[in-house]
Amino acid sequence: MTGMYDAIVAGGSISGLLAAREIAAGGHSVLVLEEGFEVGSPEHCGGLVSKSALKELGIEPSKKSFECKIDSAKVFFPNGDNFNIDSRKQEIIVVNRRELDKQVARQAKDNGAEIIVKASFKNKNSNIVETSIGNFECKVFVDCRGASVLANKNKDGVYPTAQYEVYADWIKKDQVEVYLDQEKFPGFFAWIIPSGDGVGKVGVSGNSISSVSAINEFLKNKGKFSVIRKIYAPIWIKGPIKQFVHGNTVIVGDAAGQAKPTTAGGIFSCGMGGIFAGQSISKYLKTNVESELSNYETQWRNKFGKEFEKQILARKILSRIDNKTVNKLFSFITPEIINDISKKDDFDFHTGSIIKLLGLKKSLGTAQALIGSEIKKLIPS
């Protein structure tokens, strides 16, 4: 036996590191196992997050982790039409996930957590965790191994994704771009997220697409570019799993389906999963009362459950419509609707903006004819 810990975390993701930070803050021994050669790599995430979300996560972006702020989002329809949303009210920034994760790793380490890289999880049997560097014993095992865990169990909830970091003159440092096209990116979209002026992340995802072919075609149509890094990874779009806690195993973050069903973004929702889990585990280790572990799931669902249910419905709608319907729905958008969305600060809970974006309240009859009766479930009564 290599060692004994109160808790072992498999996966040095934002959720795993925040869980470790909170467990260690309670005075408990915790080991984080990261299979990569460093925390934060490879960087799967686009890095979009609101300032308010980071504040709630207890993270103040450093000079290294902060890349740029986002003032607007430009959305393109399949027919080439587009509109621009002023996002300054939402205070969205782009962070370097490699540096942000390292920043949280330092927080966890300062609290007393131990982190080992190039160490992968193999199996768990009761209190014994088998890894590539030996066996460990723990009271609580925290599974933060990412969306690949779900991809191995349910292929239907997984979309292939490609994201390239590129240099390109057509990337604007303060503007995100989203491209909807149900033929090229069925059920999802393509995106451009700047890291600065002329540099950023370009990505594509969609149901059963060849992500390599799709991103290469997208980039070819955009113009000249140079690739810095290529990342391929699955995203999970079906929302949270049924149960987060099984005995002394606690599942957190992407492994628990805690990323947004609409965009697969998860810094805030997965990060809060880590905090709720870490705090609940800390209380359990102090009291030995098993119900403390399940409080984590209750807290997360109370905060995100209703919003995620609506996002799953929005995802279901997007997966069943064609380009003609997308163009028709977006023809309902007026300058008043765009202005109304620009005044909102709901980046982390954005179903309300989706409803307004589709013009659904004013055109429910038309939308219902195009999409189906499920659209009513998205509209607040």
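Throughout, read-outs are computed from the coordinates displayed, never taken from laboratory work. Not measured: the values here are computed from a predicted model. All Cβ positions, even for glycine, are placed from backbone atoms using ideal geometry, and neighbour counts span all protein chains on display.
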* To do: With r as the distance between the Cβ atoms of D169 and R320 and R0 = 30 Å, compute the FRET efficiency 1/(1 + (r/R0)^6) and round to 0.05.
  => 0.20
* Structure fact -> Using alpha carbon centers only, region 250-306 is separated from region 96-115 by a whole-angstrom value of 19 Å
* To do: Would you please name the trypsin sites (Lys or Arg not before Pro) within region 22-84 that are DSSP coil residues with at most 12 other C-beta atoms within 10 Å of their C-beta?
  => K63
* Asked: Could you give the distance between the Cα centres of region 170-185 and region 55-84, to the whole Å?
  -> 12 Å
* Mean ellipticity per residue at 222 nm, deg cm²/dmol - from DSSP H runs of n ≥ 4 across the chain, formula -39500 (n - 2.57) -> -10500 deg cm²/dmol
* Asked: Looking at the chain, do any whole DSSP H helices span at least 20 angstrom along their long axis by alpha carbon and average 0.0 or above on Kyte-Doolittle, and which?
  -> 267-287
* Asked: Of the peptides 328-341, 102-115, how do they stack up when ordered by the mean number of other Cβ atoms within 10 Å, highest first?
  -> 102-115, 328-341
* Relative to the Cα centre, what is the charge dipole magnitude of region 181-236, using +1 at the beta carbon of each Lys and Arg, -1 at the beta carbon of each Asp and Glu, and rounding to the nearest 20 debye? -> 220 debye
* To do: Would you mind calculating the relative contact order of region 184-250 from Cα pairs under 8 angstrom and at least 6 residues apart, reporting the percent as a whole number?
  => 22 percent
* Evaluated over region 1-82, the Cα radius of gyration and Dmax, each in Å -> 18.1, 62
* Quote to one decimal, in nm, the extra length available between T2 and T249 on full extension: 0.36 nm per residue of separation minus the C-alpha distance between them. => 86.9 nm
* Asked: Once the piece of chain linking K55 and R106 is laid out straight, how much longer is it, given 0.36 nm per residue of separation minus the C-alpha distance between them?
  -> 16.7 nm
* How large is the dipole of region 181-340 about the Cα centre if only Lys and Arg carry +1 and Asp and Glu carry -1, each at its Cβ, rounded to the nearest 20 debye? -> 280 debye
* Read phi for every residue in region 187-199 and hand back ³J(HN,Hα) as whole Hz from Karplus 6.51 cos²θ - 1.76 cosθ + 1.60, θ = phi - 60°, with x for Gly and Pro. => x, 9, 6, 10, 8, 10, 10, x, 9, x, 7, x, 8
* Of K55/K124; K230/K306; K89/K310, those spanning more than 25 Å from alpha-carbon to alpha-carbon -> K55/K124; K230/K306
* **Sorted by Cβ density within 10 Å, fewest first, the residues K324, K344** => K324, K344
* Based on Cβ point charges of +1 for Lys and Arg and -1 for Asp and Glu, what charge dipole magnitude is obtained for the chain about its Cα centre, in debye rounded to the nearest 20? -> 680 debye
* Given 0.36 nm per residue, what is the gain on full extension from E114 to N135 after removing their alpha carbon distance, in nm? -> 6.0 nm
* Asked: Hey, got a sec? Which GluC sites (Glu not before Pro) in region 152-225 land in a DSSP loop and have at most 15 other Cβ atoms within 10 Å?
  -> E183
* Name the residue farthest towards the positive end of the dipole of region 159-235 from the options P234, V166, V204, assuming +1 on Cβ of Lys and Arg, -1 on Cβ of Asp and Glu, about the Cα centre. => V166
* To do: Quote the FRET efficiency, to the nearest 0.05, computed for K89 versus S126 with a Förster distance R0 of 41 Å and r equal to the Cβ-Cβ distance.
  => 0.20
* Going through region 219-309, which trypsin sites (Lys or Arg not before Pro) have at most 14 other Cβ atoms within 10 Å and a DSSP loop state? -> K224, K242
* Asked: Rounded, prolate or oblate: which one fits the chain, using the alpha carbon gyration tensor with axes a ≥ b ≥ c (rounded when a/c is under 1.5, else prolate when a/b beats b/c, else oblate)?
  -> prolate
* Structure fact -> Of the listed pairs K109/K286; K222/K344; K201/K224; K69/K344; K201/K316, those with alpha carbons more than 24 Å apart are K222/K344; K201/K316
* Asked: Around I275, with a cut-off of 9 angstrom between Cβ atoms, what is the net charge of the other residues, counting Lys and Arg +1 and Asp and Glu -1?
  -> -1
* Structure fact -> Charge dipole of the chain built from unit charges on the beta carbon (Lys, Arg +1; Asp, Glu -1), centred at mean Cα; most positive-end Cα among G157, S13, N327 is N327
* Nitroxide proxy distance, nm - points 7 Å out along Cα→Cβ at K220 and K328 -> 3.2 nm
